[in-house]
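Worksheet: the structure to be examined is printed underneath.
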Amino acid sequence: MRLAFEEKGADYLLATRDEHGNVAPVLLKKGDEPGTLRVDVPYQMAMILTKVNKFVKEGKIAVVARRCDERAIAELVKRDLLDQSRLNLIGLACSAEQVKECRCTDPCPSVVDFGECAEPSGDDASVARLLDMSLSDRLGFWIAQFRKCNKCFGCTLNCPVCFCDECLLEDKTFTPEKGIPPGLAFHLIRAIHLADKCVECGECERSCPVDIPLLSLRKMVSQDMKELFDYVSGDSERRSPLLTTLEGDPMEDDANVC
Amino acid sequence: MNEFNPNILAFCCNWCSYAGADLAGVNRLQMPPNVNVVRVMCSASVKPEYIFKAVSQGIDGVLVLGCHIGDCHYLTGNHRTAKRIPLAARLLGKVGIDPRRVRLDWVSAAEGEKFQQVVTEFVEDVKKLGPNPMKEVRF
């Protein structure tokens, strides 16, 4: 860990380490005592990075990033929320079990510093099962799932690509102020907002206390994005098709809205 | 007597479709009375959120009408609509609400007849689909 830190010539290191028996993110300065650094537990570094970026104004930050972090960072850089020149990515390859758990199709980071690239997982069985259902069965399934929601906003808070300062979902127009569950619209609004930037890291599903299969919903939406616009989010070059005209030129108003 | 009468929400853009609807009215064109027209400044201001809210509260069909591509008062507003609305409709399909309940069409200010035709067709389609299943669901 130290080695990558010295080699990459960064001023800060963002990684996870053991804290009181748990794994927590930590921002280390050059010369700090590293403690026991851990790389075995998935943690959304892109989300931590946007928070860190607000108070670390100078110096390079080295980040331990998995492939999904890398893609999330690419999305944030495209929207001018992060400065690519100030970032140094330390590639971390997910283990085979982690890839299986996320049903990940793109597990290998561009530079691998830790671990070995596992085989990408094939087609998602749970998504295929859902798409085989009839419309009314599927509606029944999702209503049963969304009824469990207790509006904890865990999926929003832990999402690496949720960056709005004012969340639309806290608006009482779309989410009832009182009472749970918040209804069908809540989850659909989140799904459509993330349509062009979700990197399928699975953090929403992991952080959900009632186990709503949110990752399956995200995967279905990104399938749509692929079919409609041939776009895969996490692309560092191409602008999101939802922010361009039909010919692919940028819109008049250069909005970074979600 | 118990014939199903769908409740339909139509978002019409101020510059084209609303004027088109006006023209249809002035010309006394006959069309089903199930449509509630909401005037918006541009079809791009119809956020998918509005559609989801309407559908989850039991509206049977949502019609989004805007200017033809290239005629938008705000130049590229309807390009945004053209990309957003199909995605929103597909997402509804993924959670089990028929995507045909959402329809996007272009109606210009001179196309009163097209407005009539679109509304008549859409009401027929939604009648075939039956009532919105979300009407029965209480969260």
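Regarding segment A:33-41, can at least one residue be identified that is loosely packed, with under 12 Cβ neighbours inside 10 Å, assigned to a helix (DSSP H, G or I) and without any contact (Cβ under 8 Å) to a residue 12 or more places away in the chain?
No, segment A:33-41 has no match at all.
Of the residues that sit in segment B:121-136 and are open to solvent by 50 Å² or more (accessible area, probe 1.4 Å) and under 13 Å from the mean Cα position of the chain (by Cα), which one is farthest from the other protein chains (Cβ to nearest Cβ)?
Within segment B:121-136, the match that is farthest from the other protein chains (Cβ to nearest Cβ) is B:Glu121.
With respect to the numbered conditions (1) of a type in the set (A, V, I, L, M); (2) under 17 Å from B:Pro86 (Cα atoms); (3) assigned to a loop (DSSP other than H, G, I, E, B); (4) more than 16 Å from the chain's Cα centre (by Cα), which one is the sole condition not fulfilled by A:Met225?
It is condition (3) that A:Met225 fails.
What's the number of the only condition in (1) open to solvent by 50 Å² or more (accessible area, probe 1.4 Å); (2) of a type in the set (Phe, Trp, Tyr); (3) more than 22 Å from A:Cys204 (Cβ to Cβ) that A:Tyr12 fails to meet?
If we test A:Tyr12 against (1) open to solvent by 50 Å² or more (accessible area, probe 1.4 Å); (2) of a type in the set (Phe, Trp, Tyr); (3) more than 22 Å from A:Cys204 (Cβ to Cβ), just (1) comes out false.
Here are A:Asp137, A:Asp211, A:Asp124: which of them is open to solvent by 30 Å² or more (accessible area, probe 1.4 Å) and touching a residue at least 60 places away in the same chain (Cβ under 8 Å)? Spell out how you get there, then give the answer.
Values: A:Asp137 fails: touching a residue at least 60 places away in the same chain (Cβ under 8 Å); A:Asp124 fails: open to solvent by 30 Å² or more (accessible area, probe 1.4 Å).
Criteria check complete, one pass: A:Asp211.
Step by step: first the residues of segment B:104-117, then only those that are touching a strand residue (DSSP E or B) at 6+ places or on another chain (Cβ under 9 Å) and in a helix (DSSP H, G or I), then the one that is least open to solvent (accessible area, probe 1.4 Å). Which residue is that? Steps first, please.
Within segment B:104-117, the subset touching a strand residue (DSSP E or B) at 6+ places or on another chain (Cβ under 9 Å) is B:104-107, B:114-115.
Next cut, in a helix (DSSP H, G or I) only: B:114-115.
Numbers: B:Lys114: 55, B:Phe115: 9 Å².
Per the criteria, the residue is B:Phe115.
Regarding segment B:118-127, can at least one residue be identified that is part of a helix (DSSP H, G or I) and among the hydroxyl-bearing types (Ser, Thr, Tyr)? Spell out how you get there, then give the answer.
At the first step, the residues of segment B:118-127 found to be part of a helix (DSSP H, G or I) are B:118-127.
Then drop every residue that is not among the hydroxyl-bearing types (Ser, Thr, Tyr), which leaves B:120.
Checked segment B:118-127: at least one residue is part of a helix (DSSP H, G or I) and among the hydroxyl-bearing types (Ser, Thr, Tyr).
Looking for whichever is part of a helix (DSSP H, G or I) and touching a residue at least 40 places away in the same chain (Cβ under 8 Å) here; the options are A:Cys159, A:Cys155. Which one fits? It would help to see each step written out before you state the result.
Working: A:Cys159 fails: part of a helix (DSSP H, G or I).
Matching residue, one of A:Cys159, A:Cys155: A:Cys155.
Could you check A:Glu166 against (1) within 19 Å of B:Pro86 (Cα to Cα); (2) at pLDDT below 85 and say which number it fails?
(1)
The values are calculated or read from the model by the stated rules, or taken from the named source; none is laboratory data. None of the values given here were measured: they were computed from a predicted structure. So basically every Cβ, Gly included, is an ideal-geometry build from the backbone, and we count neighbours across all protein chains shown. Protein only, heavy atoms only, side chains kept; ligands, DNA and RNA dropped before computing areas. Shrake-Rupley method; radii C 1.70, N 1.55, O 1.52, S 1.80 Å.
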